[in-house]
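See below for the structure under consideration.
The values are calculated or read from the model by the stated rules, or taken from the named source; none is laboratory data. Computed from a predicted structure; not experimentally measured. Reconstructed Cβ throughout: ideal geometry from the backbone, glycine too, with neighbour counts over all protein chains shown. Areas reflect the complete protein model, heavy atoms only, side chains present, ligands, DNA and RNA absent. Shrake-Rupley method; radii C 1.70, N 1.55, O 1.52, S 1.80 Å.
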Amino acid sequence: MVVLNGRSWLIAGLALALLAGCGLFREEESKTPAGPTYRVVARWGGSGSEPGQFNGVQGLAVDAEREVYVTDAENCRVQVFDAEGNFLRAWGRCGDERGELRKPMDVAISAQGEVYVVDFMLDRVQVYDRQGNFLRAWGQAGDRQGEFSAPVGVAVDSEGNVYVCEFYNHRIQKFSSQGKFLTLWGGQGSGEGQLNYPGKLTFGPEGSLYVADTHNYRIQKFTPEGEFLGAWGSSGTWKGQFQDPIDLVVEPDGQMHVADSGNFRLQWVTAEGEYVTEWELPEHQGPKFQSPVGLARDAQGYLYVGDIANNRIYKLEPVSGGER
C-alpha cells in the first residue's frame with residue numbers, strides 16, 4: 001500500500017467498493033476436505049446506509065453474548081448483530097460532539113461490558129454501554145502523552161486497561177479504563193519494538209499484546225508494559241508473508257489468523273508464524289481494494305471477517321483437518 005500524506009491514506013488505501021445488494025447468506029453444509037481450511041458459515045451486509053448495510057466496514061468485536069459489533073466508518077456509526085448476522089441495533093451519527101462519530105475505526109469490549117471506540121478523524125476514544133449510551137471520552141489531536149494522531153486500533157486487557165494504536169504517531173498508548181495515561185511505546189522504524197503505520201491489535205491467551213505492524217509487513221508481540229517479545233512475517237505474497245497486515249486474532253493455543261489485506265486473504269499461521277492455510281476473498285465487482293480489514297473471534301471459535309471491498313461480514317469456521 002502506498003502511504004499518502006495526510007489523512008487521505010485511509011480513504012485511498014482502504015477505499016470502499018460500491019457493491020449492490022445486502023442481506024443474509026447461509027452456506028450449504030458440505031464435507032470439508034482433509035487438511036486445515038476455513039469454511040464459510042454465513043455472510044451479510046452490502047453497500048448502503050440502511051440497517052445491516054455498510055459504508056466502510058472497519059473494526060469488529062464480539063461480546064460475551066456473541067453479539068457482533070462493527071464500526072461502519074463512513075456511516076459514522078456502530079452496528080450490532082447476532083452471531084448469524086441478524087441486525088439488532090445501531091448508534092452514532094456524524095458530528096464532533098461527545099458520543100458522535102466521524103470515522104470510527106475499531107471497537108473493543110471490556111469484561112464489564114463497556115464498548116470502546118476509536119475515531120480516526122476525531123483523535124479520541126469514546127466509551128459506551130452495550131446499548132450505545134455514551135459514558136465518557138478522552139483524547140485530542142497531538143503527539144504528547146494522552147493525545148492521538150489517527151487512532152486505528154483499540155484493545156482492552158483482562159484488568160480493564162485500554163491500549164490504543166496510532167497510525168501517524170507510530171505508537172501504542174496504554175490507559176486505565178477511565179482514560180488515565182499509563183505508558184507508551186513504539187516510534188517509527190523497523191527495529192524491534194518500532195512500528196511503521198501500524199493497524200489493529202489484540203491480546204493472546206497468555207496476556208501478551210499482538211500488533212499488526214502494517215507497513216513493516218509483520219506481527220509484533222509485546223508484554224502489556226511494552227516489552228518486545230518477538231516478531232513474525234516479511235513483505236511478500238508467498239505463504240507466511242504479508243502485504244499490509246491490518247488485523248489479527250489469536251487462538252487459545254497461540255495460533256493466529258491474520259488479515260493480510262494487501263494480498264486479499266486471511267492467513268492462518270502457527271504460534272511461531274509458520275504458514276498453515278489461507279482463505280482468499282471471493283471475486284467481486286469493481287476495483288479490488290485492499291481487504292479484509294477487520295477480524296474478531298467468538299467463544300465458540302468462529303471468526304468474523306470485515307471485508308471493506310464488498311462491505312460485508314463473513315463468518316468463518318477454522319477446521320483443523322479431516323471431514324466434518
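Taking the accessible area of the chain, probe 1.4 Å, and keeping the other protein chains in place, the carbon and sulfur fraction comes to 45%.
Stretching ASP143 away from ALA64 to a fully extended chain increases their span by 25.0 nm, per 0.36 nm per residue minus the current alpha-carbon distance.
What is the antiparallel percent of DSSP beta bridges lying wholly in the stretch 199-264, to the nearest 5?
95
Projecting label points 7 angstrom from Cα along Cα→Cβ for ASP96 and SER176 puts them 3.0 nm apart.
Pairs of Lys residues in the chain are counted when their Cα atoms are under 17 angstrom apart and they lie 8 or more places apart or on different chains; the count is 4. Rounded to the nearest 20 debye, the dipole magnitude of the stretch 98-249 is 220 debye, with +1 charges on Lys and Arg beta carbons, -1 on Asp and Glu beta carbons, and the Cα centre as origin. Across VAL68, VAL117, VAL41, mean-square fluctuation computed from a Gaussian network of the chain (C-alpha pairs under 10 Å connected) peaks at VAL41.
Here the Gaussian network model covers the chain, with springs between Cα atoms less than 10 Å apart; of ASP72, ASP244, ASP143, ASP143 fluctuates the most.
Applying 0.36 nm per residue to the separation of ASN133 and PHE87 and subtracting their alpha-carbon distance, the gain on full extension is 14.8 nm. For the chain, relative contact order (Cα pairs under 8 Å, six or more residues apart, normalised by length) works out to 18 percent. Note on mean projected area of the Cα convex hull in nm²: of the candidates (i) 16.5; (ii) 25.6; (iii) 14.6, the value calculated from this structure sits at (iii). Between GLN53, GLN194, GLN178, the residue with the greatest mean-square fluctuation in the GNM of the chain (Cα pairs under 10 Å linked by springs) is GLN178. Each part gets one Cα centre, and for the stretch 199-262 versus the stretch 106-174 those centres are 19 Å apart.
Other residues with beta-carbon under 14 Å from the beta-carbon of PRO252 carry, at +1 per Lys or Arg and -1 per Asp or Glu, a net charge of -3. Rolling a 1.4 Å probe across the protein heavy atoms gives the chain an accessible surface of 39 Å² per residue.
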